Amino acid sequence: MLRRFINRITGRTVPPTFDGKLEPDEYVIAWCEVKSGGHLVATSWGLWLPGSRRVGWHLISKATWGGGGFELIEAVEETAAGDAVVLADLPPVRYVLLNSGKLPDVVHTRVTKSITSRHRQELPGGGAWFVQRKVPGQDGVVLQVRPDPGTSPEAVERVAREVAVKLRLMADGSSQ
């Protein structure tokens, strides 16, 4: 009984079938049951998917809610370009939620708050978004680059390296 009370006030309450292992300073914000089985669990570090795999807030490209369904587009780190990370989006996954509660709002807020700045740059063959994001459990921010399909990979990596160097120099200059 005391354990349940402590878990509730410390944010450690998880669904009964949750098999994930929370980090020591990770806490649960919201969760809901998924019609096909399992749960979506929003924590301070990211969104746990059915099957107990966490996607960090900084790796959620897009999350939309509508018509009883929650669609998630997860990004993967494809390559490094200096201090920048080039991302690729996975195909969207749709979850039908039995009782969404505050989960969609929590996901929207957490994904939005992970972004510290964003800029669109046109490049040969398309363009790319350059986004600085906070990474849960780490200090500082990471520069992520999400190119449009067809954008020159060489141009993306070259510009990403240049931007990362400029950002590092700006950060070093402001800390002196």
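Observations on the structure shown:
- Being in contact (Cβ under 8 Å) with a residue 40 or more places away in the chain and either closer than 29 Å to G68 by Cα or assigned to a strand (DSSP E or B) (or both) is a property that does not hold for V163.
- Here L59 fulfils each of the conditions (1) farther than 18 Å from S100 by Cα; (2) in contact with a helix residue (DSSP H, G or I) (Cβ under 7 Å, 6 or more places away or on another chain) apart from (2).
- Complete set of residues in segment 137-176 that are of a type outside the set (S, T, N, Q) and in contact with a Lys or Arg (Cβ under 9 Å, 6 or more places away or on another chain): G140, V141, V142, L143
- Against the conditions (1) out of contact with any helix residue (DSSP H, G or I) (no Cβ under 7 Å at 6 or more places or on another chain); (2) within 21 Å of V141 (Cα to Cα), T64 satisfies every one except (2).
- Considering residues of segment 114-133 that are among the polar types (S, T, N, Q) and surrounded by fewer than 15 Cβ atoms within 10 Å (Cβ to Cβ) only, the residue farthest from S152 (Cα to Cα): T116
- Subset of segment 69-84 [crowded, with 22+ Cβ neighbours inside 10 Å and closer than 18 Å to Q138 by Cα]: A84
- Qualifying positions in segment 118-143 - in a loop (DSSP other than H, G, I, E, B) and either at pLDDT 95 or above or not charged (D, E, K, R) (or both): P124, G125, V135, P136, G137, Q138, G140
The values are calculated or read from the model by the stated rules, or taken from the named source; none is laboratory data. In this text the structure is predicted, and so the values were computed from the model without any measurement. All Cβ positions, even for glycine, are placed from backbone atoms using ideal geometry, and neighbour counts span all protein chains on display.
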